[in-house]
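The block underneath contains the structure these notes are about, expressed in structure tokens.
Please treat every number below as a calculation from the coordinates, not as lab data. Just so it is clear, the structure is predicted and the values come from calculations on it, not from any experiment. In this analysis, Cβ positions are derived from the backbone assuming ideal geometry, glycine residues included, and neighbour counts consider all displayed protein chains.
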Amino acid sequence: MIQMFIESLKNLVSKPETIKYPFAPSPEPKGYRGTILYNEELCIFCDKCENICPPGAIKFEVVDIESGKKQYNYNPYLCIYCGACVDVCPKADEGCLIQAETRTPVLGESIVKDKRLGYFINEIDNPKLVEKKWRELEIRAAKSREDLVAYKKAKRAAKKAAKAKVSE
Amino acid sequence: MGNRIVVPFGSQHVALPEPVSFLFETQNEVITDVQVNIGYVHRGIEKAAMTKFEFTQLPYLVARVCGLCSITHAGAYTHGIEKLLGIETNKKIDYLRMLVVELDRIHSHMLANGHVAEVVGYENLFMQTFRYREDVMDILERITGNRVQYDYQVIGGVARDFDKEIEEFARKKLLKLKANTEKLMEFFENDYTFGLKTKGVGTISKEMAAKFNTAGPIARASGLETDARAEYDYLPFEEVGYKLQTRTEGDVWARNMVRFDEIMNSIEMCLNILDGIPEGEHRVKVKGRPDGEVFIRVEAPRGECFYYLKGNKTKVLDRVRIRVPTYANIPVLKELFVGEKYSDAQAIVLSFDPCMSCTAR
């Protein structure tokens with residue numbers, strides 16, 4: 001009984017265990033798994049990160065079929081921040097793909113602009129259009145891949161034909 | 001003889017943390033019949049694992065089967081795939097995996113005990129339990145980088161390395177937690193009013209537990225010695241001081257106390273692991289495609305979790321089958337209700353610590 005009174009008096013003056021989150025900041029803990037940052041200059045376009053990403057939040061789109069140039073697109077609102085892409089990246093040690101300790105802002109209010117986030121998020125101005133634009137991009141990226149394969153096939157066939165002609 | 005009344009309990013109810021529905025047929029206050037419906041959170045994860053995802057992506061998918069035991073699911077899957085691929089892990093990986101598995105068990109058991117305290121009317125005890133639970137969450141957050149979805153175990157090792165700084169942080173928090181848990185345990189064990197609501201309520205005898213094939217703390221509270229950690233050799237638990245915990249009463253109180261015993265044992269194990277983490281790499285090389293079939297039994301916080309995997313030398317697996325402990329405990333739950341008072345039903349359900357997102361997948 002006495003112990004109970006001591007305990008309740010202690011509780012009256014002790015500080016709360018919680019933090020007042022929207023009014024006080026809630027800092028990221030050390031070693032937090034946050035946003036994925038990309039460096040185009042170091043990338044060798046091996047597509048390993050695209051292949052392993054479980055939700056498919058990384059998409060490479062072929063922008064120039066003749067040279068086969070690809071663009072990195074990343075959707076931070078689809079990402080599950082598992083870090084699989086960073087694990088699998090062959091150039092991760094040099095800083096091609098790194099996982100920062102920062103959070104992504106809430107969807108629908110504002111949009112972050114950073115060159116290291118890839119092309120997709122930097123091309124959008126209206127935060128409400130993120131989902132729609134990403135769906136369009138997914139279709140576009142898949143189609144551009146098919147086009148590239150078809151182009152390469154045609155090129156190979158033309159080369160073969162030319163070779164056959166020369167040997168004749 | 002009073003009128004028969006059907007009382008629905010769930011799928012949404014203030015006392016339930018998970019969507020499960022019970023239809024109690026009651027006579028006066030006593031339950032005479034019960035119907036259970038468990039399929040509210042079916043997401044088709046097994047089917048997705050066999051069609052949409054490659055085997056390298058699956059650790060991240062199966063970790064999302066359940067929020068509380070995501071470590072167990074990912075661990076079971078990686079263990080199975082490593083068996084299929086013939087990968088040998090080193091001692092450091094085993095120890096780090098064991099550390100997170102035991103930390104996961106501690107916070108899951110504390111959540112279950114807190115919920116029982118809440119439904120029997122101890123709101124304050126519930127808050128205290130959850131306050132102490134934060135320490136474990138902090139350790140896990142520091143080790144893995146996230147609070148709920150850990151994604152720590154990957155094929156061929158663990159995702160992050162472990163350093164001295166984390167070790168000191170974890171040790172400090174664990175010692176604090178040990179003292180706090182002892183305080184809580186004393187209250188759960190000796191409090192008179194808490195005992196009135198929990199002692200002798202929902203008793204499962206040893207024969208009944210064996211007949212209905214219960215798993216986990218529910219079976220161990222009835223004196224049944226079953227634990228996949230001791231029966232199936234997947235991580236070296238014996239080396240770090242694992243002991244089987246049993247009680248013989250078999251009621252709600254005994255289930256709580258078995259959980260507390262296991263928390264104390266797990267804290268001991270974690271401290272032992274922190275004392276002697278071996279040197280070595282935290283990743284080994286992975287090569288090849290899975291071929292053949294394998295089954296894995298691991299001890300989830302709620303009981304025995306079973307995985308069956310079948311590969312066919314392609315990137316997508318042929319079959320992924322998950323059987324979770326809550327599913328094994330539903331039949332005895334149904335039997336148990338008959339003859340109990342309706343006012344005790346909440347405490348009985350929560351003492352089983354049901355995880356419906358595991359069950360329905």
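What shape does the stretch B:238-354 take by its C-alpha gyration tensor, where a ≥ b ≥ c are the square roots of the eigenvalues and a/c under 1.5 counts as rounded, a/b above b/c as prolate, and the rest as oblate? Here the stretch B:238-354 falls in the oblate category. Taking the Cα centre of the protein assembly as shown as reference, the dipole from Cβ charges on Lys and Arg (+1) and Asp and Glu (-1) amounts to some 2300 debye. Our coupling estimate for the stretch B:263-275, obtained by passing each phi through the Karplus curve with A = 6.51, B = -1.76, C = 1.60 and θ = phi - 60°, is 4, 4, 5, 5, 4, 4, 4, 4, 5, 5, 5, 5, 5 Hz, Gly and Pro reported as x.
Adding -39500 (n - 2.57) for every DSSP H run of four residues or longer, then dividing by how many residues chain A holds, sets the calculated 222 nm ellipticity at -12000 deg cm²/dmol. Placing unit charges on each Cβ (+1 for Lys and Arg, -1 for Asp and Glu) gives chain B a dipole about its Cα centre, and among B:Asn146, B:His115, B:Thr129 the Cα reaching farthest toward its positive end belongs to B:Asn146.
Charge dipole (Cα centre; +1 on Lys/Arg Cβ, -1 on Asp/Glu Cβ; no other charges) of chain A amounts to roughly 720 debye. Put in line by how crowded their Cβ is, counting other Cβ atoms within 10 Å and starting with the fewest, B:Met356, A:Met4 read A:Met4, B:Met356. When B:Phe187, B:Phe337 are sorted by how many other C-beta atoms sit within 10 angstrom of their C-beta, beginning with the fewest, the order is B:Phe187, B:Phe337.
For B:Glu340, the residues whose modelled amide H falls within less than 5 Å of its own, excluding neighbours fewer than 5 places apart on the same chain, are B:Ile31.
The local environment of B:Thr26, defined by Cβ-Cβ distances under 11 Å, has a net charge of -2 under the rule Lys, Arg +1 and Asp, Glu -1.
Only helices enter this figure: runs of n ≥ 4 DSSP H residues, each worth -39500 (n - 2.57), summed and divided by the residues of chain B, yield -15500 deg cm²/dmol at 222 nm to the nearest 500. Over the stretch B:4-360, Cα pairs under 8 Å with separation of 6+ residues give a relative contact order of 26 percent. Taking amide H as placed 1.01 Å from N in the peptide plane, the amide H of B:Ser21 sits under 5 Å from that of B:Asn37, each at least 5 places away or on another chain. Just want the answer: with Cβ charges of +1 for Lys and Arg and -1 for Asp and Glu, which residue in B:Ile106, A:Val62, B:Pro8 is farthest toward the dipole's positive end in the protein assembly as shown? Working it through, the farthest residue towards the positive pole turns out to be A:Val62. Of the GluC sites (Glu not before Pro) in the stretch B:214-289, the ones in a loop by DSSP (not H, G, I, E or B) with at most 16 other beta carbons within 10 Å are B:Glu225, B:Glu279, B:Glu281.
The amide H of B:Glu304, built 1.01 Å from its N in the peptide plane, has B:Gly216 as neighbours under 5 Å, considering only residues 5 or more places off or on other chains. Using C-alpha pairs under 8 Å with a sequence gap of at least 6, the mean separation divided by the residue count of the stretch A:28-157 gives a relative contact order of 32 percent. The ranking of B:Thr72, A:Thr35, B:Thr248 by Cβ neighbour count inside 10 Å, starting from the fewest, reads B:Thr248, A:Thr35, B:Thr72. Counting charges near A:Leu148 (Lys, Arg +1; Asp, Glu -1) among other residues having Cβ under 15 Å from its Cβ returns a value of +3. The charge dipole of chain B, taken about its Cα centre with unit charges on the Cβ of Lys, Arg, Asp and Glu (plus for the first two, minus for the last two), comes to roughly 1120 debye. Between the stretch B:328-361 and the stretch B:155-182, the alpha-carbon centres lie 33 Å apart. Report the Cα centroid-to-centroid distance between the stretch B:9-43 and the stretch A:1-74 in angstrom, as an integer. Each part reduced to its Cα centre gives a spacing of 37 Å. Per residue of B:53-65, other chain Cβ atoms within 10 Å of the residue Cβ number 3 on average. 3J(HN,Hα) couplings calculated from phi for the stretch A:43-49 with the Karplus curve 6.51 cos²θ - 1.76 cosθ + 1.60 (θ = phi - 60°) are, in sequence order, 5, 9, 6, 8, 6, 5, 5 Hz; Gly and Pro show x. Working note: Karplus 6.51/-1.76/1.60 with θ = phi - 60° gives the stretch B:289-294 the couplings 10, x, 9, x, 10, 8 Hz, where Gly and Pro are set to x. Take each residue of peptide A:25-33, count the partner chain Cβ atoms within 10 Å of its Cβ, and average: the result is 4.
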